[in-house]
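Working notes for the structure below.
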Amino acid sequence: MKDDKIRDMNLKALAPMSDITPSNGHEPLVRVIDLKKHFPIRKGLIIRHTTGHVRAVDGINFEIARGETLGMVGESGCGKSTAGRTLLGLYPATGGETHIAGYHVQEATGDEWMAIRRQAQMIFQDPFSSLNPRWTVNAIIGEPLRVHRIIEDEAARTERVKELMALVGLDPRFINRFPHEFSGGQRQRVGIARALASEPIFLVCDEPISALDVSIQAQVINLLEDLQRQLGLTYLFIAHDLSMVRHICDRVAVMYLGIIVEMADKDDLYEKPQHPYTQALLSAVPVPDPKVARHRKRIVLEGDVPSPINPPSGCRFHTRCPIAQPHCATHVPEWREITPGHWVACHEVEPKFRP
Amino acid sequence: MPDPTLARPHDPPRDGPLRYAHDPSRLLLDIRNLEVRFNTPEGVVYAVNDISYGIHEGEVIAIVGESGCGKSVSMMSILGLIPKPPGEIAGGTATFMGRDLLTLPESDLEQVRGIEIAMVFQDSMTSLNPVLTISRQMTESLRRHYNMTDEQATARAIELLELVGIPDAERRMSDYPHQFSGGMRQRVMIAMMLACNPSLLIADEPTTALDVTIQAQIVELVSRMRERLGMALIWITHDLGVVAGLAERVIVMYAGMIVEEADVDSLFDNPHHPYTMALLAALPRVDRRRDNRLNSIPGSPPNLLNKPRGCPFAPRCIYTIDRCRSERPPLIPLSPTQRTACWVTTSDDFKYERRQDSGYESQSAGTYE
Ligand SMILES: Nc1ncnc2c1ncn2[C@@H]1O[C@H](COP(=O)(O)OP(=O)(O)O)[C@@H](O)[C@H]1O
Ligand SMILES: Nc1ncnc2c1ncn2[C@@H]1O[C@H](COP(=O)(O)OP(=O)(O)O)[C@@H](O)[C@H]1O
Ligand SMILES: [Mg+2]
Ligand SMILES: [Mg+2]
């Protein structure tokens, strides 16, 4: 099938339904305000009591403009997935709020809640680990169409599933196949088709390419870019591959132990990282060029990430920070905008903080 | 300089620095025409198909390729570590210090594995015994292989843990593997490997499951240890970034075959196999502004249940000619340090130009997978 024909067909069918979005177009599509998610730690076999909390996400703030891709990076366990799920309302928030297309996610009920569920979707690392292996691709991709009563007629739904398959580059003749009959890259395409079925405007992509081989990663990344352009999608792109994040994102947020420590336009962030954690993280990314690799200076961080149950006082990064000062252990750094659009939480970034 | 405190007890002291003192006459391991298959209910899996290469003393080579292309099996099979059946070594030799590992009795092979060749795997949890303390696991092998007393073995184990950067090593000796983080467990693994001061360390994707920060620490640790101890290193990975910073020579595998072998600079500056070119063009760079869409390689790696008649990459390749489909290209030497298995790109008039001529059309939505 020809590319532009598909585009035509799907643009009509999949264009965001602005009539149901109470956003005025100037507002950012997604607003996250002081969002927190703490998981209780329960002890005791008979009488369960809470002995503490994993502060997985501990107060994050950002906005995502319509059509934009925001990257979210950080070491495993820093709270990226939890942030993604909590901001979509899939986990109840411990504090703070999210607004998606004008809906207050944490307060939405009934029709509003269903509208959010339709318009905001998630793509996972391996979509099939959470899906029924006995379902055909038709059933998997068609489910959101059924649940959200988008297409009630079964034959029409099957037609729509075929269109979605074509859209993500899967041969519609495979519509009755089962998950295990597909390769990893094809499975991710099925996951993307399913996420697109309910005609979302916002997608949280949680490590969508981490399980894929290099040659397949590029296919999926290019597909996500094409879909974004064709359908006007907005992405939160969670990944630990910092090279890919630079490639696909417009802006990038760096997380450490449940908080965002730096956020900026991607080139600004990659070329002028301000936070010592961002600097260390970027310096650790291998470069596929031996001449560059030989001369790259690595900032090696000592030790492991501390536990999110009792995060360090003051600046959470001070225990591993190469430039930490005494006041870093006692004062929480302010989240400040040091140049337009470049935010950082560090006492030692100019203008320096002096207690 | 080899570290005197870690000199092999059974070895005469080595003379002079071994670093990069490669001498073709000191080939440490020489693999020739290795063929490995698995006889499964679905059919024969042709996992390793006629591969040959060598590694010199003290040399660092990387084996790269996508999952399932035979990287692990090619190493495990020469160490007697694949299950037989279903595994079967269908041909070849692997000469290590004058002996063919493939015909060595299991008891001798165990000695080689314990002392001369060490392996670190992706998941250290599977190679550490979960119910034994780190102390037990480390001192046991020291006592067994070196006839050390308890005290000597314990002192050496602590020394090794400190060497690999385990804080508070003495206290942590009594911990169990699960009490260490992923990165720390890899360090423990490396310490255990170093206990025997092997002449060859095989690291099979040791950092694949780790964060980049931890990966950088492990890569640095292994390179430092290697320089200090003068051992050779085979680093198996799918990450070309790690390869660029670590290896002297690179072997690219595809579908159980070697498709290209080159010194690290030639591989990145002047790749000649279309698969290598395509892989490089599919990688974004952390240190550069985005200039283009990624070049993606259509299709997916082949199923090894069918032995391809011609070049295994032909179905995904943009340069394919008829000959590629009917006749498997041998590794054709392009220079003293580069060999490429391709009928097209090894011809005199072929010229590689990065990106522009890599020709891998970006695949857009609407192309069927
Ligand atoms: N359902 C849960 N219950 C308890 N703790 C959790 C749960 N999910 C995540 N965590 C903890 O929250 C922290 C952040 O996890 P996660 O969001 O998965 O991080 P990331 O995606 O950045 O790797 C980790 O310490 C993790 O162990
Ligand atoms: N025990 C086994 N039984 C059957 N097939 C196997 C077995 N071990 C490996 N294989 C097959 O051998 C091929 C090469 O595997 P492997 O060397 O592990 O790949 P890599 O390390 O490059 O990811 C794969 O197709 C794999 O499925
Ligand atoms: Mg996660
Ligand atoms: Mg492997």
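The values are calculated or read from the model by the stated rules, or taken from the named source; none is laboratory data. All values derive from a computational prediction rather than experimental measurement. Here Cβ is always computed from backbone atoms with ideal geometry, including for glycine, and neighbour counts include all displayed protein chains. Please note that ligands, DNA and RNA were not included when accessible areas were found on the heavy atoms of the full protein model with its side chains. Shrake-Rupley method; radii C 1.70, N 1.55, O 1.52, S 1.80 Å.
Counting only residues that are away from every other protein chain (no Cβ under 14 Å) and basic (Lys, Arg), which one in the range B:293-311 is nearest to the chain's Cα centre (by Cα)?
Going through the qualifying residues, I end up with B:Lys307.
Just to check your reading of the model, which residue among B:Val164, B:Val131, B:Val188, B:Val120 is β-branched (Val, Ile, Thr) and in contact with a Lys or Arg (Cβ under 6 Å, 6 or more places away or on another chain)?
The match here is B:Val164.
How many residues, within the range B:117-161, are within 16 Å of ligand 2 (Cβ to nearest atom) and either surrounded by fewer than 17 Cβ atoms within 10 Å (Cβ to Cβ) or under 12 Å from B:Arg185 (Cα atoms) (or both)? I'd like the intermediate steps shown before the answer.
Step one: filter the range B:117-161 for residues within 16 Å of ligand 2 (Cβ to nearest atom), giving B:119-123, B:126-127.
If we keep only those that are either surrounded by fewer than 17 Cβ atoms within 10 Å (Cβ to Cβ) or under 12 Å from B:Arg185 (Cα atoms) (or both) as well, we get B:120-123, B:126-127.
Residues flagged as within 16 Å of ligand 2 (Cβ to nearest atom) and either surrounded by fewer than 17 Cβ atoms within 10 Å (Cβ to Cβ) or under 12 Å from B:Arg185 (Cα atoms) (or both) within the range B:117-161 amount to 6.
Being modelled with pLDDT under 95 and crowded, with 19+ Cβ neighbours inside 10 Å, is that true of even one residue in the range A:254-263? Spell out how you get there, then give the answer.
Applying the first criterion (modelled with pLDDT under 95) to the range A:254-263 yields none.
No - not one qualifying residue is present in the range A:254-263.
Restricting to the range A:269-283, what's the tally of residues that are open to solvent by 10 Å² or more (accessible area, probe 1.4 Å) and either assigned to a loop (DSSP other than H, G, I, E, B) or away from chain B (no Cβ under 11 Å) (or both)? Break it down stepwise before answering.
So the first thing to find is which residues in the range A:269-283 are open to solvent by 10 Å² or more (accessible area, probe 1.4 Å), and the list is A:270-274, A:279, A:282-283.
Narrowing further to those that are either assigned to a loop (DSSP other than H, G, I, E, B) or away from chain B (no Cβ under 11 Å) (or both): A:272-274, A:279.
Number satisfying all stated conditions: 4.
Count, please, the residues in the range B:241-286 that happen to be within 12 Å of the chain's Cα centre (by Cα) and more than 16 Å from ligand 4 (Cβ to nearest atom). If you could, list the steps in order and put the result at the bottom.
Of the range B:241-286, the ones within 12 Å of the chain's Cα centre (by Cα) are B:242-243, B:246-247, B:249-253.
Next, from what is left, pick out any that are more than 16 Å from ligand 4 (Cβ to nearest atom): B:246-247, B:249-250.
Total satisfying the criteria: 4.
List pairs: first residue in the range A:112-124 and open to solvent by 20 Å² or more (accessible area, probe 1.4 Å), second residue of a type in the set (S, T, N, Q) anywhere in the structure, Cβ distance under 8 angstrom, at least six positions apart or on different chains.
Final answer for the pair search is A:Arg117/A:Ser198; A:Arg118/A:Ser198; A:Gln121/A:Ser198; A:Phe124/A:Ser130.
Each row is one residue, and each column tells you yes or no for (1) under 19 Å from B:Ser67 (Cβ atoms); (2) assigned to a helix (DSSP H, G or I); (3) within 16 Å of ligand 3 (Cβ to nearest atom).
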{"site": "A:Gly191", "(1), (2), (3)": "yes, yes, yes"}
{"site": "A:Arg194", "(1), (2), (3)": "no, yes, no"}
{"site": "A:Val204", "(1), (2), (3)": "no, no, yes"}
{"site": "A:Ser210", "(1), (2), (3)": "yes, no, yes"}
{"site": "A:Ile216", "(1), (2), (3)": "yes, yes, no"}
{"site": "A:Asn222", "(1), (2), (3)": "no, yes, no"}
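Can you tell me which residue within the range B:81-96, out of those that are assigned to a strand (DSSP E or B) and hydrophobic (A, V, I, L, M, F, W, C), is surrounded by the fewest Cβ atoms within 10 Å (Cβ to Cβ)? Show your work before the answer.
Taking the range B:81-96 and keeping what is assigned to a strand (DSSP E or B), we get B:87-96.
Now drop any that are not hydrophobic (A, V, I, L, M, F, W, C), which leaves B:89-90, B:94, B:96.
Details: B:Ile89: 18, B:Ala90: 16, B:Ala94: 21, B:Phe96: 22.
Filtering first and then ranking leaves B:Ala90.
Look at B:Asp322 and say whether it is at pLDDT 90 or above, exposed (fewer than 15 other Cβ atoms within 10 Å of the Cβ) and more than 26 Å from the chain's Cα centre (by Cα). Reasoning before the result, please.
Numbers: at pLDDT 90 or above: yes; exposed (fewer than 15 other Cβ atoms within 10 Å of the Cβ): yes; more than 26 Å from the chain's Cα centre (by Cα): yes.
When the stated conditions are applied, B:Asp322 passes them.
Restricting attention to the range B:59-80, and to residues there that are assigned to a loop (DSSP other than H, G, I, E, B) and either modelled with pLDDT of 90 or more or charged (D, E, K, R) (or both), which single residue is nearest to ligand 3 (Cβ to nearest atom)? Steps first, answer last, please.
Quick first cut of the range B:59-80, residues assigned to a loop (DSSP other than H, G, I, E, B) only: B:59, B:65-70, B:79-80.
Within this subset, residues satisfying the condition of being either modelled with pLDDT of 90 or more or charged (D, E, K, R) (or both) are B:59, B:65-66, B:69-70, B:79-80.
Details: B:Glu59: 38, B:Gly65: 27, B:Glu66: 23, B:Cys69: 27, B:Gly70: 30, B:Leu79: 35, B:Gly80: 38 Å.
Checked the range B:59-80; the qualifying residue nearest to ligand 3 (Cβ to nearest atom) is B:Glu66.
Within the range A:169-181, can you find the residues that are in a loop (DSSP other than H, G, I, E, B), more than 9 Å from every other protein chain (Cβ to nearest Cβ) and open to solvent by less than 20 Å² (accessible area, probe 1.4 Å)?
Pass one, the range A:169-181, residues in a loop (DSSP other than H, G, I, E, B): A:169-171, A:175-178.
This time we only want the ones that are more than 9 Å from every other protein chain (Cβ to nearest Cβ), so: A:175-178.
The answer is A:Ile175, and nothing else.
Counting only residues that are within 11 Å of chain A (Cβ to nearest Cβ) and farther than 14 Å from B:Leu267 by Cβ, how many does the range B:220-238 have?
First pass over the range B:220-238, keeping only residues within 11 Å of chain A (Cβ to nearest Cβ): B:220-221, B:237-238.
Pick out the ones that are also farther than 14 Å from B:Leu267 by Cβ and you get B:220-221, B:238.
Of the residues in that region, 3 qualify.
Does B:Glu116 meet the test of being at pLDDT below 95, within 29 Å of B:Gly183 (Cβ to Cβ), in contact with an Asp or Glu (Cβ under 6 Å, 6 or more places away or on another chain) and not hydrophobic (A, V, I, L, M, F, W, C)?
No.
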